[in-house]
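Please read the structure below before turning to the comments.
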Amino acid sequence: MKIQRAEIYPLSIPLVEPIKMSRELIVDAKTVLLCLTDEQGRQGWGEASVAPLMTGETLDSLLASIKYLVEESLGLDWGSPDRFAEMFNRVLYSNASAKSCLEMALLDLYTQEASIPLWQYLRGANTAIDETAPVAIPLLRMLGGSLDKELSDAKALRELGFRHWKIKIGSLSLEQDLHRVKVLCELLDGDTVSVDANCALNLADAILFCESEEAARLTFVEQLIPADLPMDDFIELKKRSAIPIGLDESIHGIKELKQFIEAKAFSGASLKLIKTGGVIPALACANLLKRNKLELNLACKVAETSLSAAATASLGFAIGSVAWGFSMSNQYLQFDICDEPLIAINGYVKSSQLAHSGVGVTPNINRVKEVIAKGYSAIQC
Ligand SMILES: [Mg+2]
């Protein structure tokens, strides 16, 4: 398989409402789409979003590394996807987000050529799978805004079938956050409810939070403390917390997973394609978690389109089960770039929604062109 040409689209898509995290306010999805055309004229699409506080990528840096990777890819013979990562590493060190974007577009082409949905290809390649058929993946919804708004949103979304939740904490005082958590946990009794501090708490406050009665009903807490704290702090938090400890910013791939497994410092991890460098490395991470009886949350960065959503869901269908839910962030966009976006059905996403060969969704090129970020233009390679 050879790439004849490529277009790179830097996009900005407004969110339904701003999403406040402890260290940033997100008002639009800054994301990059890549369209590859192969020798047969097929088009394969990839996506990666900026995440300055998670991967260090800005729109400019991501565009530059994707452009570099793609230019180096033209003319190469892309054989088995097993070798994609090795081929990327021959031309560019690190830069997981750019590699995940190119990997997604190449896999879209590869599985279209093989006339198979990406999820089915990944499931076939996953020797660790034990279930007989793919299971529906529960979608996780973020809650935010005033407590009244969080309560009314949670009630309305619960009516639609959602049972997995994430409460962003760390912007308010510990007491205020604990109060929100208590009230929301009471409303959502029996559901999978988590909090995510995005590194905002110090170790003492994190321990206090986990030991508080108000937080006792939580299913897990995600990345309470900064990723650059020493391992001993994570070990201490894990020892002191009765609530399972999830990690996100601390985990970028197999290397960190092995370190935290060795230290017995966590209960589960959040995997994003922009961190792992694509779905194939993410599948290896998911299987490592599974072998060690650790939990898994799948996530897109806030926010990515149906394209990343479909690739991440495909990973979920290949893994078997996603107990901590899938944060599918196209739910927060004012509009998607696909005519048939991937949507929640009773709070779940099902493999039957990705029945087409390839990644399973196709962007509408006109819509893509309409949302090119201000001051940027499409790049032809
Ligand atoms: Mg997180």
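Just for region 11-23: of the residues that are within 16 Å of Gly145 (Cβ to Cβ) and of a type in the set (D, E, K, R), which one is modelled with the lowest pLDDT? Result: Lys20.
Against the conditions (1) within 14 Å of the ligand (Cβ to nearest atom); (2) free of Cβ contacts under 8 Å to residues at least 60 places away in the same chain; (3) among the small types (Gly, Ala, Ser), Ala265 satisfies every one except (1). Pairs are defined by a Cβ separation below 7 Å, a sequence spacing of at least 6 or placement on different chains, a first member in region 147-171 that is within 27 Å of Ala200 (Cα to Cα), and a second member that is among the small types (Gly, Ala, Ser) and in a strand (DSSP E or B); the pairs so defined are Trp165/Ser194; Lys166/Ser194; Lys166/Ser327.
Could you tell me whether Ser250 is assigned by TED's automatic domain parsing to the domain that holds Ser194, within 16 Å of the ligand (Cβ to nearest atom) and closer than 27 Å to Val359 by Cα? Step through it out loud before you land on a result.
Working: assigned by TED's automatic domain parsing to the domain that holds Ser194: yes; within 16 Å of the ligand (Cβ to nearest atom): yes; closer than 27 Å to Val359 by Cα: no.
So Ser250 fails the test.
Report yes if Lys272 is in contact with a Cys (Cβ under 7 Å, 6 or more places away or on another chain), under 30 Å from Leu106 (Cα atoms) and assigned by TED's automatic domain parsing to the domain that holds Ser306, otherwise no. When the stated conditions are applied, Lys272 passes them. The set of residues in region 324-354 that are of a type in the set (Gly, Ala, Ser), modelled with pLDDT of 95 or more and out of contact with any Gly (no Cβ under 8 Å at 6 or more places or on another chain) comprises Gly325, Ser327, Ser351, Ser352.
When the residues of region 272-292 are filtered to those that are crowded, with 18+ Cβ neighbours inside 10 Å and without any contact (Cβ under 8 Å) to a residue 40 or more places away in the chain, the one that is nearest to Ser94 (Cα to Cα) is Ala282.
Of the residues contained in region 331-344, none is found to be in a helix (DSSP H, G or I) and without any contact (Cβ under 8 Å) to a residue 60 or more places away in the chain. Condition first: in a loop (DSSP other than H, G, I, E, B), buried (at least 20 other Cβ atoms within 10 Å of the Cβ) and touching a helix residue (DSSP H, G or I) at 6+ places or on another chain (Cβ under 7 Å). Can you find one or more residues in region 307-318 that meet it? Looking for residues that are in a loop (DSSP other than H, G, I, E, B), buried (at least 20 other Cβ atoms within 10 Å of the Cβ) and touching a helix residue (DSSP H, G or I) at 6+ places or on another chain (Cβ under 7 Å), one finds none in region 307-318, hence no. Residue check: Val32 meets all listed conditions (1) in contact with a helix residue (DSSP H, G or I) (Cβ under 8 Å, 6 or more places away or on another chain); (2) in contact (Cβ under 8 Å) with a residue 40 or more places away in the chain; (3) not in a strand (DSSP E or B) but one, namely (3).
Of the set (1) touching an Asp or Glu at 6+ places or on another chain (Cβ under 8 Å); (2) free of Cβ contacts under 8 Å to residues at least 24 places away in the same chain, all apply to Ala323 but (2). Candidates Gly161, Gly144: the one that is assigned by TED's automatic domain parsing to the domain that holds Trp324 and either farther than 22 Å from Trp324 by Cα or touching a Lys or Arg at 6+ places or on another chain (Cβ under 8 Å) (or both) is Gly144. A count restricted to region 182-208 and to residues that are within 16 Å of the ligand (Cβ to nearest atom) and closer than 22 Å to Gln331 by Cβ stands at 7.
Per this entry, Ile26 is counted among residues that are in the same structural domain as Asp77 (by TED's automatic domain parsing), at pLDDT below 95 and closer than 19 Å to Leu273 by Cβ. The residue list Gly56, Gly46 contains one member that is on the phi > 0 side of the Ramachandran plot, not hydroxyl-bearing (Ser, Thr, Tyr) and not assigned by TED's automatic domain parsing to the domain that holds Leu174, which is Gly56. Scanning region 55-68 for residues that are farther than 20 Å from Ile280 by Cβ and part of a loop (DSSP other than H, G, I, E, B) yields a total of 2. Pairs please, first residue from region 228-251 and touching a residue at least 12 places away in the same chain (Cβ under 8 Å), second anywhere and of a type in the set (Lys, Arg), Cβ atoms under 6 Å, 6+ apart in sequence or on different chains. Within 6 Å, the pairs are Ile245/Lys238. Considering only region 1-25, how many residues are in contact with a strand residue (DSSP E or B) (Cβ under 8 Å, 6 or more places away or on another chain) and farther than 19 Å from Ile372 by Cβ? Number satisfying all stated conditions: 11. Quick check: anything in region 227-245 in the same structural domain as Gly190 (by TED's automatic domain parsing) and within 13 Å of the ligand (Cβ to nearest atom)? Yes, because at least one residue in region 227-245 is in the same structural domain as Gly190 (by TED's automatic domain parsing) and within 13 Å of the ligand (Cβ to nearest atom). Candidates are the residues of region 326-370 that are hydroxyl-bearing (Ser, Thr, Tyr) and closer than 17 Å to Val16 by Cα; the one that is nearest to the ligand (Cβ to nearest atom) is Ser327.
The values are calculated or read from the model by the stated rules, or taken from the named source; none is laboratory data. Because the structure is predicted, anything quoted here is derived from the model rather than measured. Quick reminder, even Gly has a Cβ in these numbers, built from the backbone with ideal geometry, and neighbours come from all protein chains shown.
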